[in-house]
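Only the coordinates and a few stated rules stand behind these numbers; no lab work does. Predicted, not measured: the structure shown is a model, and the values here were computed from it. Note: ideal-geometry Cβ built from the backbone for every residue, glycine included; neighbour counts use all protein chains shown.
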Amino acid sequence: MEPLYSVPEAAEILHTSERFVRRLIAERRIEFVKVGRHVRIRESALVAFVVAGTVAPLTTYDVTGRAA
């Protein structure tokens, strides 16, 4: 079973505020688990969120329109 993180723990892992993580949950932009009245976030959901937001760097071709 993979680790489940609380909102403060998830915020620390993402290096962001608890408010931001709570907004992600409210907007259903990150997968979460309800444990009774508590909200927990799987490690894989944090990884998936970061991967989904990752932007690949531009290549020289992308900038100039021709091969370097």
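Observations
- Cα-based Rg and Dmax for the chain, where Dmax is the largest Cα-Cα distance (Å): 16.7, 57
- Neighbours of Y5 by Cβ distance under 15 Å: Lys/Arg scored +1, Asp/Glu scored -1, total -2.
- Rounded to the nearest 20 debye, the dipole size of the chain about its Cα centre is 320 debye, using +1 on the Cβ of Lys and Arg and -1 on the Cβ of Asp and Glu.
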